[in-house]
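Accompanying notes for the structure given below.
Please treat every number below as a calculation from the coordinates, not as lab data. From a predicted model like this one, the values you see are computed outputs, not experimental measurements.
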Amino acid sequence: MKPNAGKTGKDKSSIIMMMMMMMMMMIIIIIIIIIIIIIMANEICAMWKQKAAQVIPIVIPSTGVIPESLSQSLTRLNLHRIHIYNCKNL
């Protein structure tokens, strides 16, 4: 029996369409996040009467995996004195 037995061309095309839709949704979500960050920076400038603002998003996923860039972001915010422990250190 062939490995693809039972799968028709219609099934494959629907899977491809679903994957394309998911990719488009992810792109739309990323664009929305970028727009929100730009709006947030403008609001911060207006509220604090500043010429420029730099928004540094810090995202820690629910899986608990801490991105390597977190340390750099905390240093830029002058929060580098906060200790973050890796699983390796525990």
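Points worth noting:
- The alpha-carbon atoms of the stretch 7-50, seen along their principal axes, cover 62, 6, 6 angstrom, with the largest extent given first.
- Residue-wise HN-Hα couplings along the stretch 33-45, as the Karplus relation 6.51 cos²θ - 1.76 cosθ + 1.60 with θ = phi - 60° gives them from phi, are 5, 4, 4, 5, 5, 5, 4, 4, 5, 5, 5, 5, 4 Hz; Gly and Pro carry x.
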